[in-house]
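One structure is given below, encoded as structure tokens.
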Amino acid sequence: MKKLLFLLVGVWLGLASIAQSKNPASFTYEAVKKTADTYEVIITANLDKPWHIYSQNTPKGAASANTN
């Protein structure tokens with residue numbers, strides 16, 4: 001019984017460890033000095049297909065669009 005339990009836990013841990021192995025996003029950044037103590041930082045994310053980013057805040061009256 002212990003062998004079966006250890007086998008099931010091992011399989012579960014193995015599957016859980018590879019479930020999050022993809023990294024579909026790559027980031028670039030640029031910092032531009034505006035004044036002596038102010039910077040503008042632009043961060044850009046590029047996603048592999050078929051990944052998407054959705055807004056957590058949709059303006060009132062905005063319609064959802066399917067852009068496949």
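The values are calculated or read from the model by the stated rules, or taken from the named source; none is laboratory data. What you see is a predicted model; the values in this text were computed from it and never measured. Neighbour counts are summed over all protein chains in view; Cβ atoms, including those assigned to glycine, are modelled from backbone coordinates with ideal geometry. Calculation scope for accessible area: heavy atoms of the full protein, side chains included, ligands and nucleic acids excluded. Shrake-Rupley method; radii C 1.70, N 1.55, O 1.52, S 1.80 Å.
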Taking the chain as a Gaussian network, Cα atoms linked when under 10 Å apart, which of 25, 36, 45 shows the biggest mean-square fluctuation?
36
Return the calculated 222 nm mean residue ellipticity for the chain, to the nearest 500 deg cm²/dmol, obtained by summing -39500 (n - 2.57) across DSSP H runs with n ≥ 4 and dividing by the residue count.
-9000 deg cm²/dmol
Relative contact order (percent, whole number), the chain, Cα cutoff 8 Å, 6+ residue spacing:
22 percent
Round to the nearest 10 and report in Å² the accessible area of residue 6, as given by a 1.4 Å probe over the protein chains' heavy atoms.
150 Å²
Charges on Cβ only, +1 for Lys and Arg, -1 for Asp and Glu, centred on the Cα centroid of the chain; of 25, 46, 7, which one is farthest towards the dipole's positive end?
7
Helix 2-19: inclination vs the chain longest Cα principal axis, degrees, rounded to 10, gives 20 degrees
For Kirkwood radius over Cα pairs in Å, one of [x] 13.2; [y] 17.3; [z] 12.5 was computed from the structure I shared and the rest are decoys. Which label?
[y]
